[in-house]
1. Among Gly19, Ala56, Pro5, whose Cα projects farthest towards the positive end of the dipole of the range 5-56, with charges put on the beta-carbon of Lys, Arg (+1) and Asp, Glu (-1)?
2. Could you point to the label whose value was computed as P(r) over Cα pairs in 10 Å bins from 0, in percent for the structure here, given [x] 22, 55, 23, 0; [y] 22, 37, 22, 12, 6, 1; [z] 21, 52, 27, 1?
3. Rounded to the nearest 20 debye, what is the charge dipole size of the chain about its Cα centre when +1 sits on each Lys and Arg Cβ and -1 on each Asp and Glu Cβ?
4. Contact order normalised by length for the range 5-56, with contacts defined as Cα pairs under 8 Å and 6 or more residues apart; what percent is it?
5. Mind listing the long-range amide H neighbours of Glu29? Cut-off is under 5 Å, sequence gap 5 or more, other chains count too, H placed in the peptide plane at 1.01 Å from N.
6. Taking only Cα atoms, what is the 0 to 90° angle, nearest 10, from helix 5-15's long axis to the longest principal axis of the chain?
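Values in this text are rule-based calculations from the coordinates and carry no lab data. Because the structure is predicted, anything quoted here is derived from the model rather than measured. Using ideal geometry, Cβ is built from the backbone for each residue, glycine included, and neighbour counts are taken over all protein chains shown.
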Amino acid sequence: MDPSPRTVIRHIRAQDKSGDILSHDVADELKWRTESGAHKVVKLKTFRNALSELRAQGLLRH
């Protein structure tokens with residue numbers, strides 16, 4: 001079974017050493033701060049599409 005976007009986010013939070021996932025009031029967006037301090041926001045649909053592409057390429061492991 002492929003990991004859900006929520007599972008991937010938990011993994012990113014645990015493994016990412018270059019930035020931080022931030023609390024964000026918009027349910028369908030993911031917000032993080034990069035190592036350089038810039039804030040980035042991505043829509044959940046874009047995140048899901050990126051996961052699908054990684055799965056299709058065999059690059060996403062459980």
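1. The Cα lying farthest towards the positive end belongs to Ala56.
2. [z]
3. Dipole size: approximately 100 debye.
4. 26
5. Those qualifying (amide H under 5 Å, at least 5 residues apart or on another chain) are Leu44.
6. Relative to the chain, helix 5-15 is tipped by roughly 60 degrees.
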